[in-house]
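The values are calculated or read from the model by the stated rules, or taken from the named source; none is laboratory data. What you see is a predicted model; the values in this text were computed from it and never measured. Note that each Cβ is placed from the backbone with ideal geometry, even for glycine, and that neighbours are counted across all protein chains shown.
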Amino acid sequence: MPAKPPSADKAAGAPAAKPCPICGKPATPESRPFCSERCRDVDLNRWLSGSYVVPGRDTDPEDAD
């Protein structure tokens, strides 16, 4: 069976292949969106160590009352 052209995958709703956010290699289905378990662990460690921070609003002292 011939391979589908990339445009056919997009039309069928399949997500586009994105690179691993840690190292940039192609992602694998087993570790998606990462390329390996190692990159998954690196990302988890960054979250747990506080390297990634979600910005929040500063609280006003008046709001604390």
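A few remarks follow.
- Residue check: Pro6 meets all listed conditions (1) of a type outside the set (S, T, N, Q); (2) surrounded by 10 or more Cβ atoms within 10 Å (Cβ to Cβ); (3) out of contact with any Lys or Arg (no Cβ under 6 Å at 6 or more places or on another chain); (4) modelled with pLDDT of 90 or more but one, namely (4).
- Filtered residue count, segment 21-42, keeping only those that are of a type in the set (D, E, K, R) and not in a loop (DSSP other than H, G, I, E, B): 4
- Index of the failed condition, Asn45 passing every other in (1) loosely packed, with under 11 Cβ neighbours inside 10 Å; (2) part of a helix (DSSP H, G or I); (3) modelled with pLDDT under 90: (3)
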